[in-house]
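J.: My questions all concern the structure below.
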Amino acid sequence: MQPERRNMNRSQQDNRNWNGWGAREKRMELSQDGAAFICEKLGQAKPLGVSTLARVIAKVPDSRLADSELYSTDAEIRLRHARGQSLPDWLAMKSGEFGVFPDAVAFPVSGEDIRILMAEAKANGWQLIPYGGGTSVVGHITPCPSDKPVITVSLTKMNRLLELDRVDQIATFGAGVKGPFLEAQLQAHGYTLGHFPQSFELSTLGGWVVTRSSGQQSLGYGRIENLFAGGEIETFNGTVDIPTLPASSAGPDWRQLVLGSEGHLGILTQAKVRVTRVAEEEFFGVAFMPDWQSGIDCAREIIQQKLPLSMLRVSNSEETHTQLFLSATETQRSWLNRLLSLKGVGEGKCMLVYGVTGDLDANRQSYKRLKQVLRRFKGVNTGQRLGKKWAHKRFTFPYLRETLWQMGYAIDTLETATNWSNIESMTQKIEHSLRDGLTEFDSKVHVFSHLSHLYGDGASIYTTYLFPVADSYDETYRRWQKLKSTTSTLIVENNGTISHQHGVGSDHAPYLAREKGEHVMASLQTCFDYFDPDKQLNPGKLFKAGQTEPVETVHTEKSHTEKEQ
């Protein structure tokens, strides 16, 4: 690896917020109505002081590694690769109290680079953390305290379309390719992967695979496990090639172990994915259902009838109410409410967003059948106008976190999946747990949910919650931890998965054994131990030996009063 390779990413990283989401020049502003709505729901809040980049760089300790062409020990580069985007990560970044930093960051450009790095790591006991877009919201990339040097391995230079097989419709990419660049390279040839998570602009293909990601249009294109056909993964035992067979009954499918492995097998360097031709037509629309139950029933009927839509999501009444206040003017809301009330949809209305993707004739038939089902459940279809607005802003919601933070509010999400028969009950329990979770602190929590991905036998529940920050970072973290731990426990005790799309990381690891069971956990650990006997690959994620509660972020009182200069 040449010396210049390790420093090239400084300029690329400089455009990213070092202590928040996305590009520095992008923001999602709240209207006066939106800001007033949040204040009415949660009360006035006082923002916490925010540390400066210069102050945090000064706190980065000396690396335990000698200079090398294999990696960079630059303090700012290490800082920028030390955290993801979970709420504990935000508190660490905003306060400036990161706690732990990687000793170095490597920027390999090939599988050979990674093989060399892994050989050195194995010989010297270094720990390796794979890094894609840094968008993890459950602690995938945060180093754990260790007496061994830690190297974060950024795959962002391995981002090219390496091969496109038009006969088999399989594309081979470097695992570090980000969503927009992946789609640009494919669509130049008339193809698409169709995987669009909310983190699309920043997250990477390799990250999608090893965390079992879902895209917003997975109803049409499939989740990443449907799209992942094979590839190459570098392990301490050598390169493992994953063949791209369309199907096989030759024992368990090893791809399923790579999916969701979160770095414990090795480092995925190439991913082969199933692509499709770009559709002739795609459009999104919005309908409003009279209430939450009718929205659930309508969505279930659409899915179980197997209407060929590319996406479908249903917001409950609180989310619908919130979204309209945050995205529409008073005049627009009044016009919409008058229109809906004339058609029998009033205060309890729930928004249903749909996507139709395909050739023109098929789309006409799909849309016709969709409208028939909507009418049967007394839904009001408003067509494409609001759908276009949703599509335009579909990847911008994470930027709202910064706007709310500057107002003094923290925002986070929880997500799960369960069977249809449990949807209504589970949603109520999750929201009740969060809404009343800070009563002892006399602090309000604003909570709302939607069904984000739907299946014949159930759906995922995606819940967002906001609360005022406390008067210190430590106390804000403790309040978040109470909300997270009590509601996560509730989920796994009520037939829900601890994660439908965000993965496990460190935040969900304490709850995984309850979902998988003792014997499955032991067998998975045995398998990973074969590839990583000394637990050098992303330790502390997925598995936590003896750990029953989420790991606490280290803060000091000094960070509470630091102000941006």
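The values are calculated or read from the model by the stated rules, or taken from the named source; none is laboratory data. Source: prediction; values computed, not measured. Note that we place each Cβ from the backbone using ideal geometry, even for glycine, and neighbour counts take in every protein chain shown.
J.: Which residues, taken from region 61-94, are outside any helix (DSSP H, G or I) and either more than 21 Å from Pro130 (Cβ to Cβ) or modelled with pLDDT under 95 (or both)?
T.: Matches in region 61-94: Pro61, Asp62, Ala66, Asp67.
J.: Just one of (1) under 23 Å from Val278 (Cα atoms); (2) buried (at least 16 other Cβ atoms within 10 Å of the Cβ) trips up Leu340, so point out which.
T.: For Leu340, the exception is condition (1).
J.: Can I ask one more? Suppose we keep only residues that are assigned to a helix (DSSP H, G or I) and charged (D, E, K, R) within region 324-347. Which one would you say is nearest to the chain's Cα centre (by Cα)?
T.: Arg333
J.: Identify the residue in region 348-388 that is among the aromatic types (Phe, Trp, Tyr) and not in a strand (DSSP E or B) and, among all such residues, is surrounded by the most Cβ atoms within 10 Å (Cβ to Cβ).
T.: Top of the filtered list is Phe377.
J.: Can you name every residue in region 110-148 that is outside any loop (DSSP other than H, G, I, E, B) and closer than 30 Å to Ile498 by Cα?
T.: Gln127, Leu128, Ile129, Pro130, Tyr131 - these are the residues of region 110-148 that are outside any loop (DSSP other than H, G, I, E, B) and closer than 30 Å to Ile498 by Cα.
J.: Give just the number: which of (1) surrounded by fewer than 23 Cβ atoms within 10 Å (Cβ to Cβ); (2) over 19 Å from Met351 (Cα atoms); (3) more than 20 Å from the chain's Cα centre (by Cα) does Val492 not satisfy?
T.: Result: Val492 passes all but (3).
J.: Right, next: Looking only at region 249-265, which residues are assigned to a loop (DSSP other than H, G, I, E, B), of a type outside the set (Asp, Glu) and surrounded by 11 or more Cβ atoms within 10 Å (Cβ to Cβ)?
T.: Trp254, Leu259, Gly260, Ser261, Gly263, His264, Leu265
J.: Of the residues in region 389-430, how many are over 17 Å from the mean Cα position of the chain (by Cα), in a helix (DSSP H, G or I) and under 30 Å from Gly134 (Cβ atoms)?
T.: Counting residues in region 389-430 that are over 17 Å from the mean Cα position of the chain (by Cα), in a helix (DSSP H, G or I) and under 30 Å from Gly134 (Cβ atoms) gives 10.
J.: Let me ask you something else. For the condition touching a residue at least 40 places away in the same chain (Cβ under 8 Å), in contact with a Ser or Thr (Cβ under 8 Å, 6 or more places away or on another chain) and either in a loop (DSSP other than H, G, I, E, B) or in the same structural domain as Glu225 (by TED's automatic domain parsing) (or both), what is the one hit in Ser499, Ser433?
T.: Ser499
J.: So if I check each of Gly230, Gly207, which one is outside any helix (DSSP H, G or I) and either surrounded by 24 or more Cβ atoms within 10 Å (Cβ to Cβ) or out of contact with any His (no Cβ under 8 Å at 6 or more places or on another chain) (or both)?
T.: Being outside any helix (DSSP H, G or I) and either surrounded by 24 or more Cβ atoms within 10 Å (Cβ to Cβ) or out of contact with any His (no Cβ under 8 Å at 6 or more places or on another chain) (or both) holds for just one of Gly230, Gly207, which is Gly230.
J.: Considering Arg27, Arg83, Arg55, Arg64, which residue is under 24 Å from Tyr477 (Cα atoms), surrounded by fewer than 23 Cβ atoms within 10 Å (Cβ to Cβ), in contact (Cβ under 8 Å) with a residue 24 or more places away in the chain and among the charged types (D, E, K, R)?
T.: Among Arg27, Arg83, Arg55, Arg64, only Arg55 is under 24 Å from Tyr477 (Cα atoms), surrounded by fewer than 23 Cβ atoms within 10 Å (Cβ to Cβ), in contact (Cβ under 8 Å) with a residue 24 or more places away in the chain and among the charged types (D, E, K, R).
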